[in-house]
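The values are calculated or read from the model by the stated rules, or taken from the named source; none is laboratory data. For clarity, every value in this text was computed on a predicted model and none was experimentally measured. Cβ placement follows ideal geometry from the backbone for every residue including glycine, while neighbour counts extend to all protein chains displayed.
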Amino acid sequence: MKAPAKKYIPFAQIPLEHRDWPDHIIDKAPVWCSVDLRDGNQALVTPMQLHEKLRMFRTLIDIGFKEIEIGFPSASETEYEIIRTLIEQDLVPDDVTLQVLVQARPELIKKTFESVKGAKNVIIHFYNSTSTLQRKIVFQKDMDGIVDIAVQGAKLIRQLTEEEIARSGMNIRYEYSPESYTGTEQDFAVRICHEVMEALGATKENPVIINLPATVEMCTPNTYADQIEYFIKHLPNREAAIISLHPHNDRGTGVACAELGLLAGAERIEGCLFGNGERTGNLDIVTVALNMYTQGVDPKLDFHDILSVGKVYEECTKMEIPPRQPYVGQLAFTAFSGSHQDAIKKGFDYMKNTGTEYWEVPYLPINPEDINRQYDPIIRINSQSGKGGAAYVLEQAKGYRMPKSMQPEFGDIVKAAADAYGDELNEVQIVSLFNKEFVDLKGKYELVERHFHQAKQSEDAQENPTVFTGVIAVDGQKTDVIGRGNGPIDAFFNALSKVGVTGYKFINYDEHAISVGSNAKAICYIELQKPDGNHIFGVGIHSGIVVASLLGILCAINRAEKQKA
């Protein structure tokens with residue numbers, strides 16, 4: 001890892017006097033071409049079997065792809081087989097075009113044409129390597145020799161196309177790729193593509209797809225955009241070409257290269273679902289499409305049930321989608337950070353309370369429901385989580401709307417449990433923690449009986465109009481008590497003093513219904529100040545709100561006694 005300047009040659013920048021692409025925006029979807037069954041399949045440890053290819057093909061059709069590269073039929077019988085199966089079993093919709101790949105070699109071109117006989121719509125995609133390194137190391141040819149390979153291939157493809165059209169009326173289009181385009185001198189790339197277009201007879205009415213692949217990602221995305229803009233500005237007969245991109249991901253910026261390439265004027269993109277492909281993979285078409293969606297642009301691809309698409313992908317390719325993969329990953333909509341959790345919760349509350357027509361939730365650039373993801377896993381709780389996350393999970397699971405002042409205390413309880421557990425806590429565990437700490441708590445004091453009545457005139461009703469009478473059990477020992485106060489809670493505290501409970505000060509309470517109907521119950525959250533000045537919370541649940549508040553008071557006192565021990 002020392003002295004890289006002695007080993008690596010920096011990528012040469014593109015001589016653009018003025019760049020137009022930084023001022024552009026993406027406001028419409030490109031033409032999409034899936035290469036999952038070709039480029040994606042060749043990169044698998046275990047290539048797909050025929051039934052898996054057919055399943056993947058059907059999935060791509062359902063998503064909305066209108067151009068699908070099926071394979072390299074001249075390379076092997078299995079590649080040839082999928083194409084013949086699709087054609088002979090009439091499995092290709094009329095509005096879908098099959099794309100086949102072939103090197104610019106006569107014998108391979110001829111076999112490729114045999115493989116597509118009977119198809120309705122076909123793109124013959126041919127290529128040869130054009131980069132400086134490929135010319136020097138692999139082909140040992142000069143520029144003229146490389147151009148000759150491409151042009152001779154183009155002439156043969158045009159001849160066979162005209163013969164096939166005359167014979168069957170098949171709709172055949174052309175695509176040419178200067179493979180390793182990113183490592184090719186730009187003026188040479190322009191020259192070879194122009195000469196291929198001339199050989200194919202490209203016109204505005206019958207344009208040729210010129211595919212400019214980042215076969216190896218070699219530069220920053222802005223430089224790739226410079227390459228695309230330079231190429232487009234210098235290509236003669238530009239209107240006779242459809243500019244296509246095929247980014248790989250060697251530098252981890254394939255998505256950025258595609259987006260900036262579109263800004264630079266590209267009209268078509270080739271890629272794979274979830275970025276499958278050689279080495280570090282192809283461009284992830286799903287991410288680019290959904291990025292557009294979040295900007296208000298219809299991507300013309302349907303990922304409304306993205307997890308189902310992911311399941312097909314994993315089962316057919318035997319590859320696993322990383323948990324942090326954008327949009328589809330298991331943790332894509334998960335927040336562990338406390339501040340993130342709190343902001344997400346507030347975002348949901350804002351959406352609900354304002355009725356806004358736009359999606360406005362911090363940290364979530366897309367509504368998970370749009371792609372059939374659920375709100376439930378958005379908040380995940382571990383030792384790094386904050387008070388808001390646990391409160392949100394509890395509200396979603398049980399309908400408990402914990403007051404904000406109580407959230408830090410319960411958050412600390414959850415954090416301690418997560419630390420002890422050593423992993424994240426799920427919804428069931430969080431509810432169980434709350435119930436154990438507040439709802440089901442059995443402590444020193446228990447309310448056995450309770451009655452309230454209004455004091456008589458002779459009992460100083462003016463200052464203490466409410467009388468509580470009941471039975472309090474202390475460590476199981478029942479005691480009759482009575483207390484008077486200016487309301488039920490004050491009277492109850494005065495009654496508790498008869499069994500030695502003193503020094504507690506009532507601070508606040510919140511309550512709300514947690515069920516409806518004749519058996520409706522209320523939950524009451526009680527905040528007390530302890531004798532030492534610190535605050536503590538308790539919870540009571542009962543069909544009567546007054547009783548729920550008494551139970552909440554005893555819960556808080558029992559929790560305080562438990563802390564002393």
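Which condition number does Phe537 fail, the rest of (1) at pLDDT below 90; (2) part of a strand (DSSP E or B) being met? In the conditions (1) at pLDDT below 90; (2) part of a strand (DSSP E or B), Phe537 misses (1) alone. One residue stands out among those in the stretch 412-439 that are among the small types (Gly, Ala, Ser) and under 27 Å from the mean Cα position of the chain (by Cα): the one that is farthest from Ala335 (Cα to Cα), which is Gly422. Here the stretch 319-369 is the region considered, the condition is being part of a helix (DSSP H, G or I) and under 15 Å from the mean Cα position of the chain (by Cα), and the residue that is nearest to Ala418 (Cα to Cα) is Pro368. All of Tyr363, Tyr358 fail the test of being out of contact with any helix residue (DSSP H, G or I) (no Cβ under 7 Å at 6 or more places or on another chain), farther than 16 Å from Leu394 by Cα and either free of Cβ contacts under 8 Å to residues at least 60 places away in the same chain or in the same structural domain as Met292 (by TED's automatic domain parsing) (or both), apart from Tyr358.
Here is a yes/no grid of residues against (1) out of contact with any Pro (no Cβ under 9 Å at 6 or more places or on another chain); (2) in contact (Cβ under 8 Å) with a residue 12 or more places away in the chain; (3) part of a loop (DSSP other than H, G, I, E, B):
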position: Gln134; (1), (2), (3): yes, yes, no
position: Gln152; (1), (2), (3): no, yes, no
position: Leu156; (1), (2), (3): no, yes, no
position: Ser177; (1), (2), (3): no, yes, no
position: Ile192; (1), (2), (3): no, yes, no
position: Glu205; (1), (2), (3): yes, no, yes
position: Leu212; (1), (2), (3): no, yes, no
position: Met218; (1), (2), (3): yes, yes, yes
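Can Lys110 be described as in the same structural domain as Lys233 (by TED's automatic domain parsing), surrounded by fewer than 23 Cβ atoms within 10 Å (Cβ to Cβ), more than 24 Å from Ala240 (Cβ to Cβ) and in contact with a Leu (Cβ under 9 Å, 6 or more places away or on another chain)? Yes: the conditions hold for Lys110.
Report yes if Ile26 is under 24 Å from Thr220 (Cα atoms), surrounded by 12 or more Cβ atoms within 10 Å (Cβ to Cβ), assigned by TED's automatic domain parsing to the domain that holds Glu79 and aliphatic (A, V, I, L, M), otherwise no.
So Ile26 fits the description; yes.
Among the candidates Gly399, Gly470, Gly485, which residue alone is under 30 Å from Gln374 (Cβ atoms) and not hydrophobic (A, V, I, L, M, F, W, C)? Only one candidate qualifies: Gly399.
If you go through the stretch 257-309 and keep only what is assigned to a helix (DSSP H, G or I), farther than 18 Å from Pro365 by Cα and β-branched (Val, Ile, Thr), you end up with just Val309.
So for the stretch 42-52 (the condition being crowded, with 23+ Cβ neighbours inside 10 Å and assigned by TED's automatic domain parsing to the domain that holds Tyr174), does at least one residue qualify?
Within the stretch 42-52, none of the residues are crowded, with 23+ Cβ neighbours inside 10 Å and assigned by TED's automatic domain parsing to the domain that holds Tyr174.
The residues on offer are Asp144, Asp148, and the sole one that is free of Cβ contacts under 8 Å to residues at least 12 places away in the same chain, within 23 Å of Tyr230 (Cα to Cα), in a helix (DSSP H, G or I) and out of contact with any helix residue (DSSP H, G or I) (no Cβ under 7 Å at 6 or more places or on another chain) is Asp144.
Taking the stretch 243-255 as the range and being buried (at least 19 other Cβ atoms within 10 Å of the Cβ) and either of a type in the set (Gly, Ala, Ser) or within 18 Å of Tyr176 (Cα to Cα) (or both) as the test, the residues that pass are Ile243, Ser244, Leu245, His246, Pro247, His248, Gly254. Comparison of Val122, Val147 shows that the only residue that is hydrophobic (A, V, I, L, M, F, W, C) and within 22 Å of Ser74 (Cβ to Cβ) is Val122. Residues in the stretch 528-543 that are more than 43 Å from the chain's Cα centre (by Cα) and of a type in the set (Gly, Ala, Ser): Gly533 alone. Looking at the stretch 59-72, is at least one residue farther than 17 Å from Glu314 by Cβ, surrounded by fewer than 11 Cβ atoms within 10 Å (Cβ to Cβ) and of a type in the set (D, E, K, R)? No: zero hits. The combined condition, being assigned to a helix (DSSP H, G or I), modelled with pLDDT of 90 or more, touching a strand residue (DSSP E or B) at 6+ places or on another chain (Cβ under 6 Å) and crowded, with 19+ Cβ neighbours inside 10 Å, is fulfilled by Ile553. Whether a residue is assigned by TED's automatic domain parsing to the domain that holds Asp370 and not small (Gly, Ala, Ser) was assessed, and Lys300 does not pass this test.
Evaluate the following for Asp95: is it without any contact (Cβ under 8 Å) to a residue 40 or more places away in the chain, within 31 Å of the chain's Cα centre (by Cα) and either in the same structural domain as Gly153 (by TED's automatic domain parsing) or in a strand (DSSP E or B) (or both)? Yes, satisfied.
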